[in-house]
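The values are calculated or read from the model by the stated rules, or taken from the named source; none is laboratory data. Treat the numbers as computed from the prediction; the structure is a model and nothing was measured. Counting neighbours? That spans all protein chains shown, and the Cβs are built from the backbone with ideal geometry, glycine included. Protein only, heavy atoms only, side chains kept; ligands, DNA and RNA dropped before computing areas. Shrake-Rupley method; radii C 1.70, N 1.55, O 1.52, S 1.80 Å.
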Amino acid sequence: MDISTFLSQDVKQIVVDIWQASSHLSQLQHKTEKVCHKFETLTCRFYELITSVLEENQLSTTLDFHTAVQELCPLFHQLLFWDFESDDIERFVELLSNWFIGISKQDIQDWFKVEYLSADTEVNLCLVLKMLYICSTLEHSLRSVYRLKDGHDPLLLRDLLSSKPLKETFGETRMKFLQVLFGGPLSLNLRNLLWHGFISPNELPSMYFHVLLFTIVEMSVFLDDQNLLVGMKKLPLVQKDFVRGVLNERLATTLRSFEANRGCDVANMNELYETSPYIPKSMLVYFKYSLNLYRSRRFGDCVMILLPQLEHLLRCRFSFCNKCPERVMTAESTEFYTTLDDVLSSNLKQGGENYLRYELGDNFMVLLRDLFVLQDGLRLRDHLSHDEPDTQNSAFNISFQGGACCTCQNNDLFRQISTFINNYESLFHALAFTKRDVCSSVKLCFNFKDTPSIENFNDLKNSVDSFEVDELVSSLKLLSIQYAQLAKSTVADSNFVEQFFTSITNKGDVKPLQESDQIDQLIEFLAGSHLHTLHRASPNDVIIRQISLNVKKAAENIKNILEVRKRMFKERSLRSRQRKNYICLLCSRPVLFAGLRFLTLYILVLIHHHGFMADTPQRLLRKLLQICENVVTFTSADVNKWKEAVNLMAKLSKLIPGL
């Protein structure tokens with residue numbers, strides 16, 4: 001890929017050309033004097049200049065922003081030579097750590113260790129990394145300030161910067177200055193250029209790092225002077241315990257096995273990067289720098305550098321596959337960026353299928369959607385770029401410790417990861433959560449078989465109301481057989497399913513199933529089958545997920561009460577009413593088991609069989625959800641109404657149509 005820049009004309013002009021046109025200011029100043037401005041002096045000049053430049057500027061057109069940047073360049077160049085005294089640095093680090101939650105004091109202290117006017121690419125990359133941190137933490141911290149006056153901050157950063165609460169807190173002048181730096185496609189738009197991977201380190205003037213550093217220091221000093229840092233309600237870091245649980249359960253063992261190959265052939269990786277037709281030459285330095293970070297075990301920093309470039313590579317492939325080369329460029333004022341949501345969507349905004357899936361493969365697309373798009377997934381780039389960059393989070397480290405070497409085709413690690421991707425199944429799609437709940441329900445239901453038989457309590461059996469147990473169990477098993485037939489078209493390539501149906505000579509006769517437990521085997525098989533979720537989204541997904549969750553809760557209720565009552569019965573601690581309730585439960589168990597077993601099969605067929613789910617009326621699913629919620633209520637520890645629960649199971653055969 002030989003594109004030299006991914007900045008559109010207007011963006012390149014405001015970010016690069018205006019700076020180059022005024023760069024003689026830095027060279028002249030550097031040659032003629034050694035500048036050592038005190039913070040207070042710079043702050044005074046800062047206000048004088050930005051007030052004079054921005055007071056009458058409405059920042060509403062491209063020309064407005066270009067004029068503002070041009071007139072602010074003298075200030076930008078002065079900030080390049082801002083010198084720091086150790087006492088000041090300690091004070092600034094303390095203030096910033098109070099405002100920028102989640103960033104260590106050591107990291108903030110490193111921000112002040114800068115080099116001036118260096119042409120060293122390594123230095124430029126280091127500044128890019130620091131700017132990624134600052135942009136993310138500044139946005140998050142501004143939202144904390146916003147919530148001092150309003151609880152619902154705007155979604156977009158540019159709307160946040162123009163909001164009334166922030167203008168009232170910081171003043172019109174400061175917020176206008178931030179709009180110049182971050183206020184959308186017309187502005188310098190530094191955050192988006194960096195985090196969406198559009199700008200190369202050689203295109204990014206180093207003075208913008210010094211501008212950002214001075215800006216956040218000045219704002220934190222202002223907040224401290226106004227006593228706003230004390231007691232400020234800071235937004236929490238992203239905490240998704242269920243995400244961590246899923247990662248630890250499903251991915252940790254596999255990905256930690258990559259640790260043994262961490263040192264694999266970094267030299268070959270460099271060579272691979274240099275010869276790759278997919279990496280633009282202007283962006284190659286990012287990939288080499290990420291390897292250095294990776295080798296130094298700076299995994300959080302490695303992820304910060306790689307994520308924008310991964311998005312950029314995907315955007316380039318997306319544009320190539322869909323024949324829209326203009327979409328690799330930065331947005332103009334009337335357009336939008338091509339984001340990861342666009343790149344990984346099923347269809348193009350203008351209509352037609354997204355052909356990227358045919359280049360990457362469905363399983364890789366599923367993995368990328370888990371990492372970046374799905375609302376219940378990691379949404380890794382969003383959280384790092386918009387929230388506090390909690391790069392020490394173990395989940396992020398686990399997820400990317402093998403990532404730097406995953407394209408090296410001549411080593412075992414690449415083969416490991418290729419196998420992992422080829423077999424990858426979504427962890428965070430709504431149907432993936434449903435499947436996990438169903439698998440838990442299956443295990444719980446099979447535990448019911450270990451409970452005492454009612455035949456062991458002949459002397460007490462007649463003391464409870466009788467149920468039509470055999471008839472209800474038979475009807476539910478017959479319904480299970482009918483819906484099991486759909487599994488044949490769901491996983492038709494499976495020899496197991498073919499054998500399953502071959503073994504049933506008379507599908508209306510439940511006897512073979514009672515003898516061999518083949519329905520149970522089929523349920524276990526479907527629970528372990530690969531679930532295809534790419535570009536599957538339906539209003540029914542949420543309802544089915546709620547149904548599966550309630551089935552799991554009901555199974556847990558029954559299992560727990562069976563264990564408690566069995567123990568109390570053996571200890572002879574059951575009172576008369578509790579003994580009667582226990583016998584009633586044992587009488588109900590075959591029906592409850594058959595009903596829950598049918599529900600697990602029905603849900604598994606729904607999530608595996610695309611056409612069947614699409615044809616299932618939502619009103620039927622809502623009625624089924626209502627039944628399941630009521631079963632949970634009747635089987636709860638403080639209710640124990642087993643006859644009512646059985647009656648609900650009887651409704652299943654009437655509600656669910658036969659096939």
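If you go through the stretch 556-581 and keep only what is within 45 Å of the chain's Cα centre (by Cα), surrounded by 15 or more Cβ atoms within 10 Å (Cβ to Cβ) and farther than 12 Å from Ala637 by Cα, you end up with just Lys566. Between Asp159, Asp150, which is at pLDDT below 95, acidic (Asp, Glu), within 29 Å of Gln13 (Cα to Cα) and within 29 Å of the chain's Cα centre (by Cα)? After applying the criteria, what remains is Asp159.
Applying a threshold of 7 Å to beta carbon distances and a minimum spacing of six or more residues, or different chains, the list of pairs starting in the stretch 292-318 at a residue that is more than 24 Å from Leu7 (Cβ to Cβ) and open to solvent by less than 10 Å² (accessible area, probe 1.4 Å) and ending at one that is polar (S, T, N, Q) and not in a loop (DSSP other than H, G, I, E, B) reads Cys302/Ser290.
Please verify whether Lys176 is free of Cβ contacts under 8 Å to residues at least 12 places away in the same chain, assigned to a helix (DSSP H, G or I) and more than 30 Å from Leu291 (Cβ to Cβ), treating the condition exactly as stated.
no
Here Leu127 passes the criteria (1) buried (at least 22 other Cβ atoms within 10 Å of the Cβ); (2) at pLDDT below 90 except the one numbered (2).
Look at (1) among the acidic types (Asp, Glu); (2) open to solvent by 50 Å² or more (accessible area, probe 1.4 Å); (3) modelled with pLDDT of 90 or more and you find that Asp615 fails only one, number (3). In the condition set (1) modelled with pLDDT under 90; (2) closer than 19 Å to Tyr286 by Cβ, Arg379 is compliant with all but (2).
Filter the stretch 46-71 down to the residues that are acidic (Asp, Glu) and either closer than 19 Å to Asp17 by Cβ or surrounded by 15 or more Cβ atoms within 10 Å (Cβ to Cβ) (or both) and list them by number. Matches in the stretch 46-71: Asp64, Glu71. If you go through the stretch 498-536 and pick out every residue that is modelled with pLDDT of 85 or more and not in a helix (DSSP H, G or I), you end up with 8. Any residue that is over 24 Å from Leu310 (Cβ atoms), open to solvent by 10 Å² or more (accessible area, probe 1.4 Å) and assigned to a loop (DSSP other than H, G, I, E, B) - is there at least one of those in the stretch 165-173? Checked against the condition, which is being over 24 Å from Leu310 (Cβ atoms), open to solvent by 10 Å² or more (accessible area, probe 1.4 Å) and assigned to a loop (DSSP other than H, G, I, E, B), the stretch 165-173 yields at least one hit.
The number of residues in the stretch 82-102 being surrounded by 19 or more Cβ atoms within 10 Å (Cβ to Cβ) and either small (Gly, Ala, Ser) or not in a helix (DSSP H, G or I) (or both) comes to 3.
On the basis of being at pLDDT 90 or above, hydrophobic (A, V, I, L, M, F, W, C), buried (at least 16 other Cβ atoms within 10 Å of the Cβ) and under 28 Å from the mean Cα position of the chain (by Cα), does Leu186 make the cut? So Leu186 fails the test. Residue pairs whose Cβ atoms lie under 6 Å apart, sitting 6 or more positions apart in sequence or on different chains, and linking a residue in the stretch 520-549 that is over 12 Å from Thr600 (Cα atoms) to a partner that is open to solvent by 10 Å² or more (accessible area, probe 1.4 Å) and not in a helix (DSSP H, G or I), are Ser529/Val491; His530/Glu425; Leu531/Glu425; Thr533/His429; His535/Ser346. Of the residues making up the stretch 141-164, those that are buried (at least 22 other Cβ atoms within 10 Å of the Cβ) and closer than 21 Å to Leu95 by Cα are Ser141, Leu142, Val145. Scanning the stretch 40-63 for residues that are touching a residue at least 24 places away in the same chain (Cβ under 8 Å) and in a helix (DSSP H, G or I) returns Leu42, Thr43, Arg45, Phe46, Tyr47, Leu49, Ile50, Thr51, Leu54, Thr62. Residues in the stretch 279-311 that are part of a helix (DSSP H, G or I) and of a type in the set (S, T, N, Q): Ser282, Ser290, Asn292, Gln309. Only one of the numbered conditions (1) of a type in the set (A, V, I, L, M, F, W, C); (2) modelled with pLDDT of 90 or more; (3) over 30 Å from Ser8 (Cα atoms); (4) open to solvent by 10 Å² or more (accessible area, probe 1.4 Å) is violated by Phe242, and that is (2). For the structure I just gave you, tell me whether Leu178 is within 30 Å of Val285 (Cβ to Cβ) and either open to solvent by less than 10 Å² (accessible area, probe 1.4 Å) or at pLDDT 95 or above (or both). Yes: the conditions hold for Leu178. Applying a threshold of 8 Å to beta carbon distances and a minimum spacing of six or more residues, or different chains, the list of pairs starting in the stretch 135-164 at a residue that is touching a residue at least 60 places away in the same chain (Cβ under 8 Å) and in a loop (DSSP other than H, G, I, E, B) and ending at one that is buried (at least 18 other Cβ atoms within 10 Å of the Cβ) and hydroxyl-bearing (Ser, Thr, Tyr) reads Leu148/Thr169. Of all residues in the stretch 452-485, those satisfying the criterion of being outside any helix (DSSP H, G or I), open to solvent by 40 Å² or more (accessible area, probe 1.4 Å) and either among the basic types (Lys, Arg) or at pLDDT below 60 (or both) are Asn462, Ser463, Asp465, Ser466. Search the stretch 355-380 for residues being touching a helix residue (DSSP H, G or I) at 6+ places or on another chain (Cβ under 7 Å) and open to solvent by less than 20 Å² (accessible area, probe 1.4 Å), and hand back the single one that is nearest to Val542 (Cα to Cα). Among those that are touching a helix residue (DSSP H, G or I) at 6+ places or on another chain (Cβ under 7 Å) and open to solvent by less than 20 Å² (accessible area, probe 1.4 Å), it is Gly377.
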